[in-house]
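Right, one structure below, let's go through it.
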Amino acid sequence: MPRIRPFAPGDEPALTEICLRTADFGADATGMLTDDAIWAEIFALPYAARHPDLAFVVETDDGRVAGYVVCAPDTRAFEQWFRDEWWPSIAARRPRPESDDDRDAILRYAYERGAEPMPFADEYPAHLHIDLLPELQGQGWGRRLIDALVEALRERGVEGVHLTASVENAGALAFYPRVGFAPLSPDDPGAFGMRLSTRP
Ligand SMILES: CC(C)(COP(=O)(O)OP(=O)(O)OC[C@H]1O[C@@H](n2cnc3c(N)ncnc32)[C@H](O)[C@@H]1OP(=O)(O)O)[C@@H](O)C(=O)NCCC(=O)NCCS
């Protein structure tokens, strides 16, 4: 039986692989970008580096990590850190793209990140990313990962958590309302939030 455990140093290659294999609206994104490792450098590794205590993984019977949830408890502070510290540490080997090549779109996003509005960050300060390899999907591990994260966030007094899924990711849109999230905006059907405090 797989088990959930806290993230540990050394899990990074597994996070990179899982992120890649689920980054195309839930499906395998291998070959979509100029370098497959870019996905995790933006959407998984910075979270595990900055907030390892809010990262949980699913470990299989044979000791492989095949799923994770990562989280930033304070979205505004995290985005500032991403912009000021994390991305500059990566940017030296990932120069800003000069063309409009679609395969560089995510890289362009990384360079702009931290400057865009964060409409849900006041009421739902935390945000998360969750991904499971296909072998673990549909067996309750997503729900258990969310439960583990929510417990950790409550212990820290974080008042709410949100995420934005792509509207093209039908599985994700079905999943979040089943595990306690509510839609946040008719203008953005992929945005979901969960209040964690009892304060109205
Ligand atoms: C989305 C994801 C995290 C869900 O985790 P999971 O372990 O597969 O989901 P669970 O088995 O815990 O399901 C929890 C509930 O959501 C529902 N659900 C999960 N995936 C679903 C899907 N694809 N379609 C419909 N319902 C779904 C389940 O039926 C279940 O509902 P129930 O408990 O009321 O019966 C996982 O499938 C995944 O990693 N997918 C690929 C990457 C991805 O899309 N990540 C999210 C990016 S925003």
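The values are calculated or read from the model by the stated rules, or taken from the named source; none is laboratory data. Every value quoted in this text rests on a predicted model; they were computed, and no experiment measured them. So basically every Cβ, Gly included, is an ideal-geometry build from the backbone, and we count neighbours across all protein chains shown. Accessible surface is based on the protein model in full, side chains and every heavy atom, while ligands, DNA and RNA are left aside. Shrake-Rupley method; radii C 1.70, N 1.55, O 1.52, S 1.80 Å.
The figures follow:
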{"read-out": "Test: residue in the stretch 104-113 that is in contact with a Lys or Arg (Cβ under 8 Å, 6 or more places away or on another chain), open to solvent by 20 Å² or more (accessible area, probe 1.4 Å), closer than 28 Å to Asp36 by Cβ and more than 8 Å from the ligand (Cβ to nearest atom)", "value": "yes"}
{"read-out": "Some residue of the stretch 30-43 being in contact with a Pro (Cβ under 8 Å, 6 or more places away or on another chain) and not hydrophobic (A, V, I, L, M, F, W, C)", "value": "no"}
{"read-out": "Qualifying positions in the stretch 121-164 - within 13 Å of the chain's Cα centre (by Cα), assigned to a helix (DSSP H, G or I) and near the ligand (Cβ under 10 Å from one of its atoms)", "value": "Gly142, Leu145, Ile146"}
{"read-out": "Pairs with Cβ under 7 Å, 6+ apart, first in the stretch 159-172 and farther than 11 Å from Ala191 by Cα and touching a residue at least 40 places away in the same chain (Cβ under 8 Å), second within 10 Å of the ligand (Cβ to nearest atom) and in a loop (DSSP other than H, G, I, E, B)", "value": "Glu168/Phe25; Asn169/Phe25; Asn169/Gly26; Gly171/Gly26"}
{"read-out": "Tally of residues being more than 11 Å from the chain's Cα centre (by Cα) and buried (at least 19 other Cβ atoms within 10 Å of the Cβ) across the stretch 69-78", "value": "3"}
{"read-out": "Filter result (within 13 Å of the ligand (Cβ to nearest atom) and either at pLDDT below 95 or surrounded by fewer than 16 Cβ atoms within 10 Å (Cβ to Cβ) (or both)) within the stretch 1-59", "value": "Phe25, Ala27, Asp28"}
{"read-out": "Test set (1) modelled with pLDDT of 95 or more; (2) farther than 21 Å from Ala23 by Cβ - Asp187 fails condition number", "value": "(1)"}
{"read-out": "Selection within the stretch 183-200 - more than 21 Å from Asp74 (Cβ to Cβ) and either outside any loop (DSSP other than H, G, I, E, B) or within 11 Å of the ligand (Cβ to nearest atom) (or both)", "value": "Pro183, Gly190"}
{"read-out": "From the options Ala105, Ala115, Ala66, residue that is closer than 22 Å to Leu163 by Cα and under 17 Å from the mean Cα position of the chain (by Cα)", "value": "Ala66"}
{"read-out": "Residue satisfying all of: in the stretch 173-182; without any contact (Cβ under 8 Å) to a residue 24 or more places away in the chain and closer than 23 Å to Phe78 by Cβ; farthest from the ligand (Cβ to nearest atom) among these", "value": "Ala182"}
{"read-out": "Selection count, the stretch 178-189, where residues are touching a strand residue (DSSP E or B) at 6+ places or on another chain (Cβ under 9 Å) and closer than 18 Å to Leu132 by Cβ", "value": "3"}
{"read-out": "Residue count for the stretch 5-43, restricted to those that are touching a Phe, Trp or Tyr at 6+ places or on another chain (Cβ under 9 Å) and of a type in the set (A, V, I, L, M)", "value": "9"}
